[in-house]
Structures are given as structure tokens and as C-alpha cells.
Amino acid sequence: MKKYLFPISLAALAIILFQSSNVTVIIAGIAIFLIGMIFMEEGFKLFSGGILERALQNTTNTLPKAIGTGIISTSIVQSSSLITVIIISFLSAELITLSGAIGVVFGSNIGTTTTAWIVSSFGVKIKIAAYAMPMIIFGVIFKLSKSRSYQGFGNILIGLGFVFLGIEYMKEGFDSMREKLDLAKFAIEGYLGVLVYVLLGAVATIIIQSSSATMALIITALASNQIVYINALELAIGANIGTTVTAIIGALTSNENGKRLAVAHFVFNAVTAFFAIILIYQFQALVDYLGEMIGIAEDYTMKLALFHTVFNIFGVLLVAPFTNYLVRFLESLFVSQKEDEVKAKYLNPVVVKIPDAAIKAIKNEVVNLYDNALKLISNALYIEKEICDGTTCSSNIRFSEPSERVDVESYYAKNLKSLYSEIIYFSTLAQESMSESEKNYTYDYKLASRDIVEAIKDLKELNKNLYLYLKSKNSHIKEEYNTLRLMLANIIVELERLRFESDDIEALSNVHILKHRLKELDNIKNDKIDSLIRQNHIDSKMATSLINDSNYVHDIAKRLIEASTILWIEDRDIQNLGIES
């Protein structure tokens, strides 16, 4: 069925378009409106230059602030889907909490009602197409600029122009249709009519994939007297329900956090719609009262916009007090099962075009690569238990006797190699939407991931002889290899402590100490090897292996220090001092 559904739908649409020129004009208006929304989304991504992302990130630490941020940001960009995409990306990159993300979604539902106010205030009262054409013309001119901000502004103008043009087409289509068909005569009284029109509004939104476009359609139909006022209110409730289905469909391929946010969106809109249906006549009376107070008693399109805002505010006031309970419920959903295979945890596709979130996601994924590399190194050194438990690091490292050789090469090929490739591929895509300074951050994290992978390649060579000589009957060579693994283990402990150091200056000092200690240990090791050879405690083959493996330990430690400097020191200038030393 899936194979044939799309062409059948296209054929049905073609038949409808050729049957009625008025319906064609309305559907064309919807299509143009949607194109405008897409242009506006892309425009705000370019034009904001990261300001929108940073504002969303920095104003979601409390629920009231998150709700306010959702209202303001959605009102400005006129796209709840863009705000949702950014919020999901931040949630995936762990830049905001689930509670903060839910707050933004709550606020976004109120903010998106500004579309209804714009359409009802301007779209159906003035010849809005007269403003659309100049906007599109100037938008194209700005879009040809080399400046990202100008290109973004151009997209916003083009988007607004198409939105206005789409509204004008929908209005013209309904005006023409009024002479031949009066949809208002099909109005149904009572709660049966409420349910029928709520369902129609939901289905329309699912088909159009935009609650804003559905509201524009409802308002233009109401302005042309194609539908009665009460049915328009019912359709508006349905549009709110329909947009949750759109969010759920979009979240099916998302990660756990994206799915949780979609469920939160559904819970909010379902609860809000339920009470709006039950109390629709009370809401109508409230809107009529408020309409008289603000002077729009006879303007049904603006009262529809007021109704849309009022019942969404009611929904926020109703659901927001239970956010903590909702968060606990959502965190119990979509819990991923632990797998032996290492996979990317943060490289969500929705993040890739949001520079701030993309950088954080890349860093988190490099840390994921680093952590898995440390586990492999610990296993290859035959350390009995994890060096660090997430908050503290042990000074007493205990080793076990190797019973079988750790297959470093196989583990790297199966897990770390693919993870490294994903980081590089994702970083390359993300850089297309970044400024030069943002690209530099991404480049540094790519360097860190390369150092980690190169350290594992060195470990692969070290592991062969480490297993062999730790089981040797020659106590001298065995002691030297024990010393090598202890040396590397101690450096890893110090690097893990560096992770918990909040003072970048102190962290830099520790990096210098580690590098200096590495040089001293290297010199001591070379002197010791010379002594063992002169005293005939080891043969030439053992000596060659020990020299090579000492170099591997040195290189592994050095690469891990370089990667840790990038990952754990936040200040770029201080970080560069650590790398250059």
C-alpha cells in the first residue's frame, strides 16, 4: 500500500485540481503559504547567526523562563517547527534539560497563535498581495549577497512575501467559491458538530503538515462566510490536535529525547484540546466578553485568533504545574538498551545545521570516543577495575595476569573506527553552516578524535608484546613491561583527574607537568634498557621490542594528553598554550 499510496494521492489531487478552478486557487494558496514558511525557517537560521540558538540555550534553566522563551521566539520566527528542531537538537546535545525543552514547547504553542493574529488583522482586511511582491523582489536581491546574514534576511523577506501571497490566494478562492457553494449550510449543532469539525481540523493539519497554514485557511474561510464562527473555533481546536500527529511522525526517526519531546507535545495538546472541547461554549462566552472589552466584538476573524490564544494559555496554566511529574514519566520511556557495540549517541541529524548545538554534539561524541578508547586501553593493560568512577580516580591501580590476549584490532575495527568515521562525516556536514571561529572549534575536536584513534593504533602494536612478555619467565623483561603499563595507567589517571578540574589555568599547569614527566620517564627508560642489555638480562630481540614498545607508550600518552587538552580545557587561548607546549 505504501508503494502505491503516494501516486494514488497525486492522481486524486490532479483530478480535484482539474475539476474546480476555485479549489485549485485555494490549494495553490496553501502551497505558496507553506513555501513561505520554509523560506522563513531557513532565513532565521542564517540571519540569527547563532543568536536564536544561544538565546534558547541560555533562557531555559527554569520552567517560567522556558515558557516565555517559547512564546517570544515562536512569535518572532513564526515557526514552531523551527523552534522544536532547535530544542530537540539542544536536548540531544545535552545543552538543555528535558524540563526546559518541555517548557519551550508549551510556550511555542502560545507563540504560534500570533500567525492567526497576523492573518486576521492584515491578511483578510487589506490587499496583502500588494506588499508580497516588493518583499519577494527585495528578498531575492538580498539572497544574492555573499553575506550569510543578508542571505538570511532575503529568505525571511521571500518567506513573508510568499506567506502573504498564499493568504491572498486562499481568500480569493473562498470568495469565488461563495457564489457557487456555501459551506456554512453544512454546520452541525451541538457536541456532534464540535467533534466532527475538530476531526476535520485535525485531518486538515495532518494533510497540510502545518497548523499555521490550517489556521490561515480557517480564517480566510471564516472571512468569506464559508464557515460559521462556532465551527471555526472547533476547527482551530482540531488544528492543535493535528499538529501533534505531525510532531509524532517527525519523531519516529529521532532519538530518545526527540520521542520524549513529541510525547510531551502530544500530552499537552491532547489535554488542552479535551478541556477546550468540553468547555467550548464557556470559552466562546469568555472570548465574546474579552472581544467587547478590546473592541473586536463584531470581528469574528480576530475573535477566532483570540480564542486560539486563550485556550492555549489555558492549556499551559493547566499542564505546567505537573511538568515535573511529566518529566519523570517521559524519562521512563524510550530507554535504550545497553549494547556491546559502540554507537554514536549525540550526532542527531537535526543538530547538524544548528552551529552551537552541533559543536556541543561533536564534543560530546569525541568524549564518547575517548571514554570507549580508555576502556579498551584499560582492558589491554589488564587493569582489574575502572581507573575512575565518574567523580574520583583511584591512586591504587591493580593489574591482573593476562589469561588471553585482548583483540585490540578487532574491537577498534568493529566499534571505534565506525564511530570516528561518523564524527568526521558529521563534522564536515556541520561546518557548512558555521562561521570561521565555529569551524575552528570543530577542527580542534576532529584533531582530538584523530589523536584518540592514533593512540589506539599504537596500542594495537603494544598489546602484542605486552601479552607475550607479561607471561614470560624472564623476570627482568616482565618487570619492564609491568613498569610500562603502570606508567601509562598513571598518566591516564592524571588525565581523568584533569577532566574534573574546573580551573583552566590549573589544568594547563597539570598538562605541562604531565608532558615534562613523560620526557623524564622516557629518558629513564632508555637508560634502564641500556643497563639491561649490558648486563645480559635481556637478549637483543627483547631489547628491540622494549625500545619499540616504550616509544608506543610514549606516543599513546602524548596523544591522549593532546586530546585531553582540547576536551577538558574550555578557554581557547589557554588550550592553545597546552597544545603548543
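The values are calculated or read from the model by the stated rules, or taken from the named source; none is laboratory data. All values derive from a computational prediction rather than experimental measurement. Virtual Cβ from ideal backbone geometry, glycine too; neighbours counted across all protein chains shown.
Which pairs turn up if I take residues in the range 256-272 that are free of Cβ contacts under 8 Å to residues at least 24 places away in the same chain and more than 13 Å from Thr323 (Cβ to Cβ) and look for partners that are surrounded by 20 or more Cβ atoms within 10 Å (Cβ to Cβ) and hydroxyl-bearing (Ser, Thr, Tyr) with beta carbon separation below 6 Å, at least 6 apart in sequence or on another chain?
Correct list of pairs: Phe266/Thr244.
Taking the condition more than 21 Å from Arg450 (Cα to Cα) and either at pLDDT 85 or above or buried (at least 18 other Cβ atoms within 10 Å of the Cβ) (or both), does Leu486 pass? Outline the logic, then answer.
Values: more than 21 Å from Arg450 (Cα to Cα): yes; either at pLDDT 85 or above or buried (at least 18 other Cβ atoms within 10 Å of the Cβ) (or both): yes.
Judged against the criteria, Leu486 is a match.
Taking the criterion of being within 20 Å of Leu376 (Cα to Cα) and of a type in the set (A, V, I, L, M, F, W, C), would at least one residue in the range 537-547 satisfy it?
So the first thing to find is which residues in the range 537-547 are within 20 Å of Leu376 (Cα to Cα), and the list is none.
The answer is no; no qualifying residue exists.
Against the conditions (1) over 20 Å from Ser433 (Cβ atoms); (2) β-branched (Val, Ile, Thr); (3) modelled with pLDDT of 85 or more, where does Ile158 fall short? Just the number, please.
(1)
Among helices (runs of 4 or more DSSP H) lying entirely in the range 259-348, which contain 3 or more residues that are crowded, with 22+ Cβ neighbours inside 10 Å?
Numbers: elements: 280-294, 300-319, 323-331.
Result: 300-319.
Can you give me the number of residues within the range 546-581 that are crowded, with 21+ Cβ neighbours inside 10 Å and more than 26 Å from Asn372 (Cα to Cα)?
So the count comes out to 1.
Select from the range 1-29 the residues that are among the polar types (S, T, N, Q), modelled with pLDDT under 80 and under 16 Å from Phe174 (Cβ atoms) and list them in ascending order. Step through it out loud before you land on a result.
Just the residues of the range 1-29 that are among the polar types (S, T, N, Q), to begin with: 9, 19-22, 24.
Among the residues that remain, those that are also modelled with pLDDT under 80 are: 9, 19-22.
Ser20, Ser21, Asn22 - these are the residues of the range 1-29 that are among the polar types (S, T, N, Q), modelled with pLDDT under 80 and under 16 Å from Phe174 (Cβ atoms).
Contact list please: Cβ distance under 8 Å, first residue in the range 474-491 and free of Cβ contacts under 8 Å to residues at least 60 places away in the same chain and on the phi < 0 side of the Ramachandran plot, second residue small (Gly, Ala, Ser) and not in a helix (DSSP H, G or I), pairs at least six apart or on different chains.
Taking only residues 6 or more apart or on different chains, the pairs are Lys478/Ser472.
Any idea how many residues of the range 523-558 are in contact with a helix residue (DSSP H, G or I) (Cβ under 7 Å, 6 or more places away or on another chain), of a type in the set (Asp, Glu) and more than 17 Å from Ser472 (Cα to Cα)?
1
In the same structural domain as Leu374 (by TED's automatic domain parsing), assigned to a helix (DSSP H, G or I), closer than 22 Å to Arg559 by Cα and within 20 Å of the chain's Cα centre (by Cα): does that describe Tyr481? Can you show your working first?
Details: in the same structural domain as Leu374 (by TED's automatic domain parsing): yes; assigned to a helix (DSSP H, G or I): yes; closer than 22 Å to Arg559 by Cα: yes; within 20 Å of the chain's Cα centre (by Cα): no.
In short, no.
Within the range 183-205, how many residues are polar (S, T, N, Q) and at pLDDT 85 or above? Explain how you work it out, then say what you get.
Step one: list which residues in the range 183-205 are polar (S, T, N, Q), which gives 205.
Imposing the further condition that a residue be at pLDDT 85 or above reduces the set to none.
Result for the range 183-205: 0.
Inspect the range 494-509 for any residue being of a type in the set (D, E, K, R), farther than 30 Å from Asp573 by Cα and not in a helix (DSSP H, G or I) and give the result as yes or no. Lay out the reasoning, then the answer.
First pass over the range 494-509, keeping only residues of a type in the set (D, E, K, R): 494, 496-497, 499, 501, 503-504, 506.
Going one step further and asking which of them are farther than 30 Å from Asp573 by Cα, we end up with none.
No, there is no match, as no residue in the range 494-509 is of a type in the set (D, E, K, R), farther than 30 Å from Asp573 by Cα and not in a helix (DSSP H, G or I).
Give the range 539-581 a look and list any residue that's among the small types (Gly, Ala, Ser), at pLDDT below 90 and under 16 Å from Ile513 (Cβ atoms), or say none.
Initially, the range 539-581 is screened for residues among the small types (Gly, Ala, Ser), giving 540, 543, 545, 550, 557, 563-564, 578, 581.
From the residues that got through so far, the ones that are at pLDDT below 90 too are 540, 543, 545, 550, 578, 581.
Once the filter is applied, which keeps residues that are among the small types (Gly, Ala, Ser), at pLDDT below 90 and under 16 Å from Ile513 (Cβ atoms), the range 539-581 yields Gly578, Ser581.
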